[in-house]
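Written below as structure tokens is the structure these notes are about.
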Amino acid sequence: MIKSFQPPQRVLMGPGPSDVSPRVLEAMSRPTIGHLDPEFIRMMDELKALLKQTFLTENELTMPVSAPGSAGMEACFVNLVEPGDKVIVCQNGVFGGRMKENVERFGGEVVLVSDEWGTPVSVDKVKAAFETHPDTKILAFVHAETSTGVRSDAKSLCAIAKEYDALTIVDAVTSLGGSELRMDEWGIDAIYSGSQKCLSCPPGISPVSFSEKAVEKVQSRESRTPSWFLDKKLVMGYWGGDGKRAYHHTAPVNSLYALHESLVILQEEGLENSWARHAKHHEALKAGLEAMGISFLVEEAYRLPQLNSVMIPEGVDDAAVRSALLSNFGLEIGAGLGALAGKVWRIGLMGAACNRRNVTLCLSALESTLAEMGAPIKTGQALVAAAAVYQG
Ligand SMILES: *Cc1c(COP(=O)(O)O)cnc(C)c1O
């Protein structure tokens with residue numbers, strides 16, 4: 001007979017999911033109620049308000065998509081790209097490539113702006129692309145590239161799009177809650193995120209928000225949105241308006257309790273305090289890794305505090321180290337993707353996982369694992385260096 005599944009206790013310091021706090025897990029285990037129950041609808045309204053506070057937006061169309069971040073991405077592209085629309089897509093890692101796929105599948109014409117993996121989207125290249133293609137309808141880019149640990153300058157990129165009256169679609173899956181992100185102030189028109197990165201919820205929910213200009217584009221579409229499930233015009237009847245909720249799909253009730261709880265926790269901490277916490281623990285982790293002689297992939301000015309891509313020391317077996325960390329310390333860190341496979345580790349400091357205990361565990365576990373394998377690192381200094389950062 002198959003028995004109940006009992007997952008091991010892990011410390012999640014990879015590219016997501018991140019550690020989920022006991023408060024969020026407890027919220028998830030509360031009684032399931034009907035998704036049109038007046039109490040559930042009250043919770044949905046609070047959830048929308050909390051999401052607006054987190055994206056820093058006044059957008060009425062702000063809601064969680066009942067599916068993972070990739071569905072939030074698809075929701076933005078399927079609603080906003082019409083056949084023949086010219087879309088500038090910026091690619092500097094894995095997720096920009098997926099944006100390109102989305103545009104192509106929905107009949108848009110891609111103008112690709114490529115940058116090296118590990119570098120930010122070039123503002124100058126985007127400017128040049130708009131000069132060559134002033135009829136561009138949409139600019140799409142990833143704010144926080146989780147495949148490399150790079151932050152791009154969302155504010156400047158959106159300002160260029162505005163000059164050409166183009167809409168902006170921004171991937172904020174890894175940035176939301178972990179680093180500065182200001183939807184309205186920066187002029188972002190459509191944004192999507194994910195529950196399992198810096199919001200520290202179980203995976204499976206994607207918060208999205210559309211500006212008034214984006215909603216106008218959805219409403220004035222000539223062609224029918226080619227997805228039924230993600231069609232914002234239909235979903236709005238379920239999530240929008242006061243009182244008049246119509247059945248669209250059955251919301252993942254308990255997962256939404258979890259998202260609500262995680263946003264309440266974030267509200268208690270304060271959004272800017274959360275950004276500062278991510279920056280502080282990143283500094284301590286960085287000091288410790290550098291004391292070991294481990295270097296970063298990304299130039300300091302563009303590093304994401306919540307996703308640290310570090311170079312694997314010469315001659316070290318990538319998979320053996322990650323598997324030793326998992327079996328000996330219950331610690332998960334991420335592998336490199338695509339061209340960076342075998343070259344970097346991706347150490348996440350996301351949401352509830354971003355704390356001093358985890359930084360200390362990661363440094364000491366990595367140091368002892370590498371030392372046992374005879375890797376060329378300096379020992380005995382990492383924890384001292386991290387502690388010095390904490391002591392100010
Ligand atoms: C994780 C991630 C996604 C995809 O989210 P899923 O929940 O895995 O579908 C998209 N973009 C970025 C930048 C991500 O980090």
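Read-outs: derived from the displayed coordinates by stated rules, not from any lab. A quick note: this is a predicted structure, and the numbers were derived from the prediction, not measured. No Cβ is skipped: glycine too gets one built from the backbone with ideal geometry, and neighbour counts run over all protein chains shown.
Using R0 = 22 Å, the C-beta based FRET efficiency linking ASP318 and SER368 works out to 0.80. In this structure the amide hydrogen of THR168, modeled in the peptide plane, comes within under 5 Å of the amide hydrogens of LEU139, ASP189, ALA190, none closer than 5 places in sequence on its chain. The modelled label-to-label distance for the pair ALA301/THR250, using points 7 Å beyond Cα in the direction of Cβ, is 5.3 nm. Packing here is the average count of other Cβ atoms within 10 Å per residue, and on that basis the peptides 229-235, 86-92, 280-286, 37-43, highest first, run 86-92, 280-286, 229-235, 37-43. Over the chain, dividing the summed -39,500 (n - 2.57) contributions of all DSSP H runs of at least 4 residues by the number of residues returns a 222 nm mean residue ellipticity of -13000 deg cm²/dmol.
List the residues whose amide H sits under 5 Å from the amide H of VAL111, counting only those 5 or more places along or on another chain, with H placed 1.01 Å from N in the peptide plane. For VAL111, the qualifying residues are VAL87, ILE88, VAL89.
For the peptides 107-116, 209-218, the ranking by packing is 209-218, 107-116, with the highest mean count of neighbouring Cβ atoms within 10 Å listed first. For the pair GLU290 and ARG10, a Förster radius of 35 Å applied to the C-beta separation gives a FRET efficiency near 0.85, rounded to the nearest 0.05. Roughly speaking, what is the stretch gain from ALA159 to SER29, that is 0.36 nm per residue apart minus the C-alpha to C-alpha distance, in nm to one decimal? Difference between extended and current length: 42.4 nm.
The peptide list 59-66, 21-28, 77-84, put in order of mean Cβ contacts within 10 Å with the highest first, becomes 59-66, 77-84, 21-28. The string of couplings for region 191-204 from the Karplus curve (6.51, -1.76, 1.60, θ = phi - 60°) is 9, 9, 9, x, 7, 9, 9, 7, 8, 6, 10, x, x, x Hz, one whole number per residue in order, with x for Gly and Pro.
Computed from the C-beta positions of LYS378 and ASP37 and an R0 of 51 Å, the FRET efficiency is 0.30 to the nearest 0.05.
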